[in-house]
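This report concerns only the one structure given below.
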Amino acid sequence: MQALETTSQKAIVLLTDTELLKPENAVQRRKALISVVGERFSCDEMAKRSLGDEWVKLNSIEQQEFVRLFQALLAKSYAAKIEAYAGQPIQYLGQQIGNGYATVSAKVYAVKNEFLLDFHLLYKDGEWLVYDVVVDGVSQINSYRGQFARVLRFASYEELIERMREKAEFPIHARAD
């Protein structure tokens, strides 16, 4: 829980920095946010879990490319959501820890509703790293896995990679373990 709280506090500092809030600093702000949030996420683990059984069929170069593209998709998908955060309270509800894994439950209070979050983390190299976020009962990794499986059912792995390349606009500077 402490690791997530620290990351949240760093992100809030960036989101409330009057200099970074200026329109001409939008790119710098986004890169800083992606970097701070990315330090807490294990993009390797997220990519591997999102691809499921197909992961073991890839060689190490293909795995690296998939992780890079997956990071870019995450950045594109979540950067705007993080930037839209307007200081809504985050209440950390509790944590469960065992065998190198943890789940931290939280509630985010938005203007018109609230969201329940479960962060699934693994302990690696002395740090707790997020490998999945469950939003109101929906696993983000399972959602990606379903999307990727649908593409692979009707197309090749190369087609999946091509689609990911088309959707990825900018790289994320996150932790690739």
Checked 87, 94 against criteria (loosely packed, with under 12 Cβ neighbours inside 10 Å and modelled with pLDDT of 95 or more); the one match is 94
Hits in segment 128-167 (condition: without any contact (Cβ under 8 Å) to a residue 40 or more places away in the chain, surrounded by 12 or more Cβ atoms within 10 Å (Cβ to Cβ) and outside any helix (DSSP H, G or I)):
133, 134, 135, 139, 155
Of the residues 40, 68, 30, which is modelled with pLDDT under 90 and either in contact with a Ser or Thr (Cβ under 7 Å, 6 or more places away or on another chain) or of a type in the set (D, E, K, R) (or both)?
30
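The values are calculated or read from the model by the stated rules, or taken from the named source; none is laboratory data. On a predicted model such as this, the values are computed, not experimentally measured, just so you know. Note: ideal-geometry Cβ built from the backbone for every residue, glycine included; neighbour counts use all protein chains shown.
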